[in-house]
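The values are calculated or read from the model by the stated rules, or taken from the named source; none is laboratory data. Please read all numbers here as calculations on a predicted model, not as lab measurements. Positions of Cβ are backbone-derived with ideal geometry, glycine not excepted, and every protein chain shown enters the neighbour counts. To get the accessible areas, we keep the full protein, side chains included, count just its heavy atoms, and leave off ligands, DNA and RNA. Shrake-Rupley method; radii C 1.70, N 1.55, O 1.52, S 1.80 Å.
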Amino acid sequence: MSRSGVTEGSVSAVFPTVREVLALDPVRHGAPRVVAGDAGLDRPVRWVHVAEVPDIATLLGGGELVLTTGIGLPGDDAGLRAFIGDLADVGVSGLVVELGRRYVSGVPRVMVAAAERRGLPLVELRRATPFVRITEAVHALIVDAQLTELRATEEIHQRFNDLSVEGADAAEVIRQAAELSGCPVVLENLSRQVLGYDPAGESAELLLDGWEQHSRRIRPAGRTAYDPDSGWLVTVVGARGQDWGRLLLRWPASGDVPSAQPSEPIAGPPTRLTILIERAASTLALGRLIRRDAEGLERQIHRTLLTALLDHSRPVDEVALRAKALGVVLDRRHLVGVMVRHRAEDPVGESGPAAAQARLRDLSEAVGQTLREAKLTGLTSAVDDNSVGVLLALTDPAAEDRALSAFASALRRVRLDSGAGRATSGGDAPRSAATAEPLAVDPHRVAGPGAVIVAAGSGVGSLREARRSLVEARQIAEAARQDRRDLPIFRLPHVGLAGLLHLLRDEPRLQTFVERELGALLEYDGRHPREQLLDTLRAYLEQGRNKTAGAAAAHLSRPAFYERLARIARILDVDLDSVEATLSLHVALLALKAVRTP
């Protein structure tokens, strides 16, 4: 066993086999005939050795193809059996005997029987052949193969050095490993969940079907080793004593484990593949160390899949397959899009991009913990600079409301436990000493600056409709920022008129309506910035067209307020005492606020 745990059979791809040697022109010139040991013809030939003495075995190291004319071999049956036994014990690849000098019509039957019994290929050369031509041809073949292997190894080192320097993500490292090897490659975590894969042109469904159970049966003997029972070359991924996954390469690519005689170890993959998988694992580990303050690899994949659903960047079948390999089943599930975001853009006392990223990361971790505590299944990750998205996968559509309530309750507990939710009510939330649970609070209270909004879209029955639920949840979350209530879950019926207008703020027809109703007044305010008649109109309408209350809200005297209203009526050419006209203006003001709010 080598240091890496791969058997010595891994040299087979570098050295020619006995069968390949017999096909060389100098050997074919001798009219070779295999008389014993056919099953061993695929043994690798490490070197060719010419010998004419019976005790040659002590000078050999295994893997040699021995050439002889037989002139120095023992003349008795026992001596011939011992000669064959010694060669088999030392592990030679085969024995080639040239007929004509010692043996004329064929090698002795006792040699044939002994070689067959030990599985040692025994070949007769029925025509005289210069051994030097055979050794030259075989050694040239070996040197060429070693040079090819060396070039392949150099390319492996260069390729993964470049990937490390470029900071390539896990998907690219896996793709390069599969491309260089021509074999399927899988990256899994310690729980046997697939983090990434490349089927190398084979069926991804067959590769990943029942992966966890299959992976637990792959038990290589060593940190990097080949498991001959399963046909997988495996190495551990990790650094600084912290292992976090395994990288597996199936060899041969077809999945058919090469056969061997019972007395022989199963040949492992070539050495270059061992080097390749170890370099790929090192690149993955280094990349993870570099990104140790960023999202975990699982969360990156969650984000990739959620973003793919929102942006249509990947086929839904691929999203479903990758999610299933990660342990999240999306097929034949009731799916509900959820968005969680802070109500305020920037909490008191925090500013700058670093603080915003840390706040979003904390919220993302809290949402992930919430899913675990609520025993819910789904994809979750930050989907933009402000929001953490969740795609809940429920087995029962009737459980939608119950699942959302459990999610909201668990999120509140997680944030209170971590101290993140203290700003929600302006201080520490009261707790019950017996249960350590927050006591009941008014669900309609005004939310504080640290509050979060949980918004859910409509449940859908297929992954192809999941984008609609996620987009709806995102729009509801944005609209809910205008709502002063602190509801556990915001759904579409909760957003009201202001929320509806916020959902439609990018709609050109709404923007045209705003310009038609308020354009003249906005132009006037642009020319007279000190007056700001738009604020006067807003105060009048928000006070229910009560001029006295409107003047007080605008901090103006009643005559001044009345004069401004008259000016607004002339500019807009409307009757401010008309219910219909003022309703239209009020909706336009709400729409303007929605358009201006990010």
Thr17 accessible area, assembled protein chains, probe 1.4 Å, Å²:
20
What do you get when you divide the Cα radius of gyration of segment 528-598 by 2.2 N^0.38 Å, with N the number of residues?
1.06
Net charge around Val165, counting only other residues with Cβ within less than 14 Å of its Cβ (Lys, Arg = +1; Asp, Glu = -1)?
-2
Relative contact order for the chain: what percent, with Cα pairs under 8 Å and sequence separation of 6 or more?
10
Under the rule of at least 5 residues apart or a separate chain, name every residue whose amide H is placed under 5 Å from the amide H of Arg343.
Ala451, Val452, Ile453
Rounded to 10°, Cα long-axis angle of helix 170-181 versus longest principal axis of the chain
20
So what J values fall out for segment 482-490 if you push phi through Karplus, 6.51 cos²θ - 1.76 cosθ + 1.60 with θ = phi - 60°, rounded to Hz, Gly and Pro as x?
8, 8, 7, 7, 10, 7, x, 9, 8
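Compute the signed sum of charges (Lys and Arg +1, Asp and Glu -1) over the other residues within less than 14 Å, Cβ to Cβ, of Arg558. Let's see the in-between values first.
Numbers: positive: Lys547, Arg564; negative: Glu563.
Taking every other residue near Arg558 into account, the sum is +1.
If R0 is 35 Å, what FRET efficiency do you get for Tyr562 and Glu507 from their C-beta distance, rounded to 0.05?
On the way: r = 36 Å, r/R0 = 1.02.
Computed FRET efficiency for Tyr562 and Glu507 comes out at 0.45.
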Round to the nearest 10 and give me the degree value, 0 to 90, for the angle of helix 400-418's Cα axis relative to the longest principal axis of the chain.
90
Net charge, Leu541 excluded, C-beta distance under 15 Å - Lys, Arg +1, Asp, Glu -1
-1
Before rounding to the nearest 500, sum -39500 (n - 2.57) across all DSSP H runs of length at least 4 in the chain and divide by the residue total; then give [θ] at 222 nm in deg cm²/dmol.
-14500 deg cm²/dmol
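Using the 2.2 N^0.38 Å rule of thumb for compact globular proteins, work out how segment 1-158 stacks up: its C-alpha Rg over that value, please.
Numbers: Rg = 16.2 Å, N = 158, 2.2 N^0.38 = 15.1 Å.
Dividing the Cα Rg of segment 1-158 by 2.2 N^0.38 Å gives 1.08.
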Residue-span extension gain [Val143 to Glu515] - 0.36 nm each, minus C-alpha spacing:
125.8 nm
Residues with amide H under 5 Å from that of His49, placed H, sequence gap 5 or more:
Leu65, Val66, Leu67
Positive-end residue of Ala128, Val338, Leu500, charge dipole of the chain with Cβ unit charges
Leu500
Hz values of 3J(HN,Hα) by residue in segment 137-142 - Karplus curve (6.51, -1.76, 1.60), Gly and Pro given as x
5, 5, 5, 5, 5, 5
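I'd like to check one number: the per residue accessible area of the chain, probe 1.4 Å, reported in Å² as a whole number.
On the way: 29130 Å² over 598 residues.
On a per-residue basis, the chain sits at 49 Å².
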Of Pro529, Gly457, Leu510, which is farthest along the charge dipole of the chain in the positive direction, counting Lys and Arg as +1 and Asp and Glu as -1 at C-beta?
Pro529
Name the long-range amide H neighbours of Gly196: under 5 Å, sequence gap of 5 or more, or other chain; modelled H, no Pro or chain starts.
Leu187
Can you tell me the FRET efficiency between Val595 and Val329 if r is taken as the Cβ-Cβ distance and R0 is 41 Å, rounded to the nearest 0.05?
0.50
Signed unit charges on C-beta, dipole axis of segment 523-575, positive-most listed residue Tyr540, Ser557, Ile568:
Ser557
Extent along principal axes [Cα atoms of segment 94-238; Å; largest to smallest]:
66, 35, 28
Percent of accessible area on the chain owned by carbon and sulfur, 1.4 Å probe?
51
Estimated vicinal HN-Hα couplings, Hz - segment 143-152 in sequence order (Karplus 6.51, -1.76, 1.60; Gly, Pro = x):
4, 4, 5, 5, 5, 4, 5, 5, 4, 5
Mind computing the radius of gyration and Dmax over the alpha-carbon atoms of the chain? Å is fine for both.
38.4, 135
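With charges set only on the Cβ (+1 for Lys and Arg, -1 for Asp and Glu), what does the dipole of the chain come to about its Cα centre, in debye to the nearest 20? Let's see the in-between values first.
Numbers: 73 positive and 78 negative charges, 248 e Å.
The dipole magnitude comes to about 1200 debye.
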When you count, for each residue, the other Cβ atoms within 10 Å and take the mean per peptide, how do 67-73, 89-95 rank with the highest first?
89-95, 67-73
Looking only at lysines whose Cα falls under 26 Å of Lys375's and that sit 8 or more positions away or on another chain, we get Lys324
Two-site label geometry, Glu542 and His29: point separation in nm, points 7 Å out along Cα→Cβ
10.3
